[in-house]
Amino acid sequence: MNGPVVALCPCRPGESLDVGPLRAAKTVAGEAGAPVAAILVEAADRQIEQARSEGDLVVWDVRHADLSPLDDAERRGPVFVEALKQSGLGDFRLAVLPAGHVGAALAAAIGKSFDAAVLGACAEIVLTAGGVEARRSTCGGRVEIVVAADGRCVVATRDASQRGPSRRVGEVRPLRLATPLPDRRPVERVGAAGRDRSVATARVVIAGGRGIGGDEGFDRLRDLAGCLDGAVGGSLPAVDAGWVPVSAQVGQSGQFVAPEVYVAVGVSGTPQHLAGVGAAARIVAINTDVDADIFRFADVGIVAAWRDVVPALVRRLRSSPEAFSPDERDP
Amino acid sequence: MKVAVLLAGVADPRHPLTLRSSRPPEIRRDNPLVFSPFDEAALELALKIRDGRRDTAITAIVAGGAESDALVRKAAAHRLDSVARLESEALAIWDVGATAHGLAEALRGLATRPDLVLIGREFGDFDDGALAPCLAAALGWPLFDLAQFARWEGDELILVRDGRSAEERLGLRPPWVASVTNDRRNRLRHPLMKNVMEARRRGFDVLTVAPVVPSATLKAVAPARERTRREPCRFLTGSVENQVAELAAYLQPWRALR
Ligand SMILES: Cc1cc2nc3c(=O)[nH]c(=O)nc-3n(C[C@H](O)[C@H](O)[C@H](O)COP(=O)(O)OP(=O)(O)OC[C@H]3O[C@@H](n4cnc5c(N)ncnc54)[C@H](O)[C@@H]3O)c2cc1C
């Protein structure tokens, strides 16, 4: 097999491009000397430019006459399938998607249409003579398995830490589609769901766990997030208790966050939780238990109850002199 | 409404994991099992649907070997219409494609077709969320993913989840697959003690499916590597006031601009 490695990028208006699949595709293809391409569906100019600046690859700018920003994977899947066919990339060896439920739904559609093996959210992906081999975390982050498949494969990745933009820029090719799509589902949208800013793209994440004990504590975490231009997330028990929405759940079964600073308050630091925190994040932990696992991974720790620390920290940050400008921030 | 709930169980995260074998069924056998938060959420959602309409029939299928019998009884304690264990050796639970096809086969083999299949957003210890969409694709049914809640409006069942910018509600026209995530409203209730005792006495079917064609091979199984860290944690000391001052100074570069 010598087909291309293709990054499939679902785009949302107003969000920056998730470059994880693109970089993973480039790394995997580069090691094997395979061609690499990216398919961006309904991307904004800024997102196309972001993909192009990632380097030597063909960027397909795909638009479908009948796709709306609210359409879900049920209608986006067929657009990616058709784009792969019409761009001549249907002989792909590997398709790389972003990890998460949208990527998983698209992987299923592509797996079915191209009879490709769906391998899940993987790291250390390599092309083999006949297919792909990759590493996947299982058993709540406690066991790693290596899976291999022959023929076409589909993987998801959440690792954006690979090679960054290069000096060469990619070539953009437009592709306009009008193939019939499945009927829209009768999904009714009511009110506003997430009150909080998204944790996925924030530079600072303040995460609360079971130790916060209630809504009032989360209000104080929101105050802290306000001081730090951050977003509030939570552990699974905090979501179960209704203190934080499921869209802000951090961990293996929630959001993967890669902030510069991760402030974990009343979080014990289980593998299932930390699987959602990027390795480069500086971790600050506030916890009453000096033996809590979170301190094994933290850069800075305070052993105290959140009530003694968080409100005082908010007061201090609010009253201290003018904030730094972004250029003065620590690299 | 006929609801099928697919359950898997996971190695109890509160215990250290024993890893003596590189075979997933043996890893499962070597560790105490519990329902995952998403198994529990799927089961509770089914019970909520039945609370709203007593003519709802619930079938639960637990995928696993004999070590999973206690989980089958745990599900049965909620007075379900039928419970069964699906012999999982043939499924190759680490292989998304094979497992999806095996589960689809088992569902097709039920005496009556379910209107709604509920499955946790992750299915067991070897799935990271890829399975539910692949199951829907294998069945050729639509998927409503990350459902959080369900309620009846007249004769219509409404599935609810938080979308990106609004709450999303879907009126169900069967058949559907819904993956279920944890939510305050779907924390699994406790069964009555008399039903727990009854479930212990009752037998259940063991379903089998023909081995499915694998879509992947398992090359290696190893303990996860420890997260690497730069230096040991710097514990702040002195009075709480001093610690707060030091932490504020540390966080200063990330302060919001006014
Ligand atoms: C299949 C599966 C998937 C999972 N996925 C996820 C996931 O995606 N994300 C996730 O988070 N979990 C997940 N979990 C759950 C995980 O196993 C743990 O239960 C969870 O991470 C623990 O959350 P916690 O740290 O908030 O709670 P706990 O472990 O109970 O820790 C609470 C901490 O708060 C501290 N504390 C108590 N009082 C105070 C106080 N006043 N001030 C400061 N500190 C205090 C305690 O010392 C303790 O360390 C998953 C589990 C399973 C089985």
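The values are calculated or read from the model by the stated rules, or taken from the named source; none is laboratory data. All values reported here derive from a predicted model rather than from experimental measurement. For neighbour counting, all protein chains shown are included, and Cβ atoms are generated from backbone atoms with ideal geometry for every residue, glycine included. The protein model used for the area step is the full one, side chains on, heavy atoms only, and it has no ligands, DNA or RNA in it. Shrake-Rupley method; radii C 1.70, N 1.55, O 1.52, S 1.80 Å.
Per the listing B:R113, B:R73, B:R79, the residue uniquely open to solvent by 30 Å² or more (accessible area, probe 1.4 Å), more than 16 Å from the ligand (Cβ to nearest atom), part of a helix (DSSP H, G or I) and among the basic types (K, R) is B:R73. The one condition from (1) under 19 Å from A:A105 (Cα atoms); (2) within 7 Å of another protein chain (Cβ to nearest Cβ); (3) more than 15 Å from the chain's Cα centre (by Cα) that B:G140 does not meet is (2).
May I ask you to verify whether A:A83 is in contact with a Cys (Cβ under 9 Å, 6 or more places away or on another chain) and either assigned to a strand (DSSP E or B) or buried (at least 18 other Cβ atoms within 10 Å of the Cβ) (or both)? When the stated conditions are applied, A:A83 does not pass them. Of everything in the range A:292-310 that is at the interface with chain B (Cβ under 7 Å from one of its Cβ atoms) and part of a loop (DSSP other than H, G, I, E, B), the residue that is farthest from the ligand (Cβ to nearest atom) is A:D299. Just to be sure before I move on: is A:G111 at the interface with chain B (Cβ under 7 Å from one of its Cβ atoms), crowded, with 20+ Cβ neighbours inside 10 Å and assigned to a loop (DSSP other than H, G, I, E, B) in the structure I sent? Considered against the rule, which asks whether it is at the interface with chain B (Cβ under 7 Å from one of its Cβ atoms), crowded, with 20+ Cβ neighbours inside 10 Å and assigned to a loop (DSSP other than H, G, I, E, B), A:G111 comes out as no.
Checking each residue in the range A:238-291 for being assigned to a helix (DSSP H, G or I), more than 9 Å from every other protein chain (Cβ to nearest Cβ) and more than 10 Å from the ligand (Cβ to nearest atom) picks out only A:A248. Taking the condition touching a residue at least 60 places away in the same chain (Cβ under 8 Å) and either open to solvent by 20 Å² or more (accessible area, probe 1.4 Å) or in contact with a Cys (Cβ under 6 Å, 6 or more places away or on another chain) (or both), does B:P32 pass? It is false that B:P32 is touching a residue at least 60 places away in the same chain (Cβ under 8 Å) and either open to solvent by 20 Å² or more (accessible area, probe 1.4 Å) or in contact with a Cys (Cβ under 6 Å, 6 or more places away or on another chain) (or both).
Of everything in the range A:82-113, what is aliphatic (A, V, I, L, M), closer than 17 Å to B:A136 by Cα and at pLDDT 95 or above? Give them in sequence order. If the condition is that a residue be aliphatic (A, V, I, L, M), closer than 17 Å to B:A136 by Cα and at pLDDT 95 or above, then A:A104, A:A105, A:L106, A:A107, A:A108, A:A109, A:I110 are the ones that fit. If you go through the range B:180-221 and keep only what is more than 8 Å from chain A (Cβ to nearest Cβ) and of a type in the set (S, T, N, Q), you end up with B:N186, B:N195, B:T208. Does B:L33 satisfy being within 14 Å of chain A (Cβ to nearest Cβ) and of a type in the set (A, V, I, L, M)? Against the criterion (within 14 Å of chain A (Cβ to nearest Cβ) and of a type in the set (A, V, I, L, M)), B:L33 qualifies. Checking B:L91, B:L135, B:L131 one by one, the residue that is within 14 Å of another protein chain (Cβ to nearest Cβ), in contact with a helix residue (DSSP H, G or I) (Cβ under 7 Å, 6 or more places away or on another chain) and more than 16 Å from the ligand (Cβ to nearest atom) is B:L135 and no other. Residue check: B:S68 meets all listed conditions (1) closer than 28 Å to B:T217 by Cα; (2) touching a residue at least 60 places away in the same chain (Cβ under 8 Å) but one, namely (2). Going through the range B:149-166 one residue at a time, which ones are touching a residue at least 60 places away in the same chain (Cβ under 8 Å) and open to solvent by less than 10 Å² (accessible area, probe 1.4 Å)? Correct list: B:A150, B:L157. In the set (1) in contact with a Lys or Arg (Cβ under 6 Å, 6 or more places away or on another chain); (2) buried (at least 20 other Cβ atoms within 10 Å of the Cβ), the condition left unmet by A:G242 is number (2). Scanning the range A:86-104 for residues that are within 13 Å of another protein chain (Cβ to nearest Cβ) and either assigned to a helix (DSSP H, G or I) or not aliphatic (A, V, I, L, M) (or both) returns A:P98, A:G100, A:H101, A:V102, A:G103, A:A104. Scanning the range B:25-39 for residues that are of a type outside the set (A, V, I, L, M, F, W, C), under 18 Å from the mean Cα position of the chain (by Cα) and more than 9 Å from the ligand (Cβ to nearest atom) returns B:P25, B:R28, B:N31, B:P32.
Taking the stated definitions as given, is A:V232 within 8 Å of the ligand (Cβ to nearest atom) and away from every other protein chain (no Cβ under 11 Å)? When the stated conditions are applied, A:V232 does not pass them. Of everything listed in (1) modelled with pLDDT under 95; (2) crowded, with 24+ Cβ neighbours inside 10 Å, the single unmet condition for B:D95 is (1).
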